[in-house]
Each structure stands twice: as structure tokens, then as C-alpha cells.
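The block underneath contains the structure these notes are about, expressed in C-alpha cells.
The values are calculated or read from the model by the stated rules, or taken from the named source; none is laboratory data. Predicted model only: the values in this text are computed from it and were never measured. Glycine gets a Cβ as well: all are built from the backbone with ideal geometry, and neighbour counts include every protein chain shown.
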Amino acid sequence: MADVSDPALEPIGAVHRTRLGREATEPMREDIRLLGAILGDTIREQHGDAVFDLVERARVASFRVRRSEIDRAEMARLFAGLPIGQAIPVIRAFSHFALLANVAEDIHRGRRRAVHVAAGEPPQDSSLAATYLKLDAAHLDSATVGDALRGALVSPVITAHPTETRRRTVFATQHRITELMRLHAEGRTDTDDGRAIEPQLRRQVLTLWQTALVRLARLQIADEIDVGLRYYPAAFFEVIPRVNAEVRQALRARWPDADLLAEPMLPPRVVDRAGTATATRT
């Protein structure tokens, strides 16, 4: 699934792209091209040239629909009567491509954030850094701040949603692809243990392709709970303590006599299947 070149930067619908905008997103486009090419190679290896060609026809036709060269009905007619055995891998190809593109977009957000910081630009609104600047500009006294924050609670909320209940293999594989692409974005060709990144990416994409995105059995509430709990070791146990420490340090440095957050905030409580609640202080 290779990218279609677009040197003219023609408008898409009502959106007119600019050269500057394209240059800013080019690293992300390169990541998408890499992942798309690996996915295309995987599809060809697993299903042959016929299915790969169908995927390419669908991809090119979708670009033509987006550019208003053909309508959706004309695109649908291209695949009318397609045997289910060929239709399923085509559908899966675009589901997997969307997932891989999301990985590239997440990495690009971090890349752009680093660029803005390196350029000395002001922090983005709603970030902690921007909030600290607003607090400094407000010239608040310790009593006012202490009264406002007394009893305040900040807590992450995980909303169970069936569409986000991915299989554990898909979850773990997507996480590993993200790790490898972050190393790739740093200009590295090998992992810390000396393995080449691209073969590792190909192995992970193959694992992703050979794993069904949806379960054959009906989802239960316990499945959604399990998915939510996966985020604790994957992110919360690492991120929340760092944010906790940063907020405490920033507030106590600005208003040392207000005795703000004298004790670290408690992390989320985790209840295992046996009903045992555990928590680790930060």
C-alpha cells in the first residue's frame, strides 16, 4: 500500500493544502509509507498478487473519490460481486492500515511537540506549562491558592467502550510497533539489543495480520474491564507518578508557605479479580 505522490498540492474538497503544511507532516507521511509498504508486502506474501492488486485498486479508487474524480457508487461497482474470500482480506487491509496510520500520527504529535519546544515557542494552551504561566500572571497569594486547592482531586477516568476492546495480542503488537517506530523516528536502525528495526517491524505487522481484530465470542463486561486494566502497567504507573511529582514541585515552589500537597497524591487503586485492592504511593 504505497503512497500516491501529490506534487501539485491540489485542493481536497474545501481544504487547500499548503507547502508549509506538507513539509511539517512529511515525516509522518514517511512513517505511513514505511508501515504501508510493510503491510502491502505482508498481504502479498500471505494472499498472493491477486488480493494485493485488489487492495491497490481500492486504495487508488478511494483517492479518486476523495478528489471528486469518481463518486462512491462508481467505486462500489468496481468491487460488486467480489467473492467473500477476497473481500475479507481487502477489508482487513484497510482496518490494519488505519491502525498503523494512527501509530504514525501519535509518533508525529510527539515529534512536533519536540520541535515547538526546541524552537522556544510558548507552550500549547491547556498544557501544564501554559497553566503555570497563567498562574504566574495571576499573582495569586498563598491563602487564595491553598483555599482553592484544598480538597481538590484529579483522577484519570477510563470509560469502557466496546469498540476499544481489542484483543490482547493486537494491543501488545500495536504497542511494540509504536516502540520500534519511535526508535526509527530517532534515526536509529537497531534496537537496544542490536536487532535491526525493519525486520522487527515486519514480524510485528505479520503478527498483527495473522491475528483477528475482533473476537469470535460475544464480549462481556469482564473483557472491557480487562482492557481498561491493561493501561495501568502500560501508561498510568509510569506517567501518573511523574505528573504527580511535577505538579507538586511546581505548586510548592510558587507558594512554599501554603503547604500545598504536603503528601504525594495516591495513585489509582487497582482491584484484581480476587477483589484485592492495591495501591503504590508515589
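Data for the structure
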read-out	value
Test: residue in segment 43-52 that is more than 26 Å from T173 (Cα to Cα), part of a helix (DSSP H, G or I), under 26 Å from the mean Cα position of the chain (by Cα) and not hydroxyl-bearing (S, T, Y)	no
Top-ranked residue in segment 239-282 [being of a type in the set (V, I, T) and modelled with pLDDT of 65 or more; ranked as nearest to A152 (Cα to Cα)]	V247
Residue, nearest to L260 (Cα to Cα), within segment 190-249, restricted to residues that are among the polar types (S, T, N, Q) and surrounded by 13 or more Cβ atoms within 10 Å (Cβ to Cβ)	N244
Single condition S126 does not satisfy, out of (1) under 30 Å from A24 (Cα atoms); (2) modelled with pLDDT under 90; (3) surrounded by 10 or more Cβ atoms within 10 Å (Cβ to Cβ)	(3)
Qualifying residue in segment 204-220 (condition: assigned to a helix (DSSP H, G or I), at pLDDT 75 or above, β-branched (V, I, T) and under 18 Å from the mean Cα position of the chain (by Cα))	yes
Residue among D136, D31, D41, D49 that is closer than 21 Å to V205 by Cβ, at pLDDT 90 or above and loosely packed, with under 13 Cβ neighbours inside 10 Å	D49
